[in-house]
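*Asks:* Take this structure, written in structure tokens, and hold onto it; I'll ask about it next.
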Amino acid sequence: MNNQWISFAALMLFTVVTIGIGIWSARKTKSMDGFLLGGREIGAWMSAFAYGTSYFSAVIFIGYSGAFGWNVGVGALWIGVGNAILGCWLAWKVLGERTRVMTHTLDARTMPGFLSKRYGSKPMRVYTALMIFIFLLPYGASVYKGLGYLFGAVFPSVSNVFWGLPAATVCMICVGLLTAVYLVLGGYLATALNDFIQGLIMLV
């Protein structure tokens, strides 16, 4: 069995597990609070892995490790150190507990909802949602593009199966559909569980 078939089998196993988590989470999610916040029962480790997996995504593994690592060398490690200290530890240390307490007190389920209630301003909700939408678009695009490059390198012949579409495009479509399936099925609980598994894979 060649490496490409092993990679394909691993990818199929990951896909089945991801969809399975989505179905299981759908059965556990019985309310809007459960869908958006996992019933506020997601533990510290699960939350940390969910945050870390989203933060240290293809942008870090392919962009920084690949591009900067290749061009700069070992010195690029300082980017990882800075991200770990400023982007993770400091953000959680300064904002994590306070944000959790305040969102619970104000009964806010999203960041736009939290800021709107915190400052008593309905326009703040629209403004915050707009900012999130605008700035997450290029970030999300870079993640999908990174996954597309990775997929194209591992499965270069996949374009022969999908009517000549580039392998990177096929990957982006598949990942988008897979994400939509488990997110719509299980909400934040499914996302956190899948991110936990992805985080373990990243550590390995």
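*Asks:* Straight distance only, please: which lysines reach the Cα of Lys93 with their own Cα at less than 24 Å, same-chain residues fewer than 8 apart left out?
*Replies:* Within the straight-line cut-off, Lys93 pairs with Lys117.
*Asks:* Which of the peptides 97-103, 46-52 is most tightly packed, and how do the rest follow, going by the mean number of other Cβ atoms within 10 Å of each residue? Mind dumping the intermediate values first?
*Replies:* Details: 97-103: 12.6, 46-52: 18.9.
Ranked by mean Cβ neighbours within 10 Å, highest first: 46-52, 97-103.
*Asks:* Still on this structure: Cα gyration tensor of the stretch 162-204, axes a ≥ b ≥ c as square roots of the eigenvalues: rounded (a/c below 1.5), prolate (a/b > b/c) or oblate? Don't skip to the end; give the middle numbers.
*Replies:* Details: a/c = 5.15, a/b = 1.56, b/c = 3.30.
Oblate shape, in that a/c is at least 1.5 and b/c is the bigger or equal ratio.
*Asks:* Further question on the same structure: Efficiency by 1/(1 + (r/R0)^6): what FRET value for Leu77 and Tyr139, r their Cβ-Cβ distance, R0 = 25 Å, to the nearest 0.05?
*Replies:* Rounded to the nearest 0.05, the efficiency is 0.65.
*Asks:* How many nm is it between the label spots at Ala91 and Lys28, if each spot is 7 Å from the Cα in line with the beta carbon?
*Replies:* It is 2.4 nm.
Computed from the coordinates by the stated procedures, all read-outs in this text should not be read as laboratory data. Quick caveat, the model's predicted, so the values are computed rather than measured. Cβ coordinates were reconstructed from backbone atoms using ideal geometry, including for glycine residues, and neighbour counts include every protein chain displayed.
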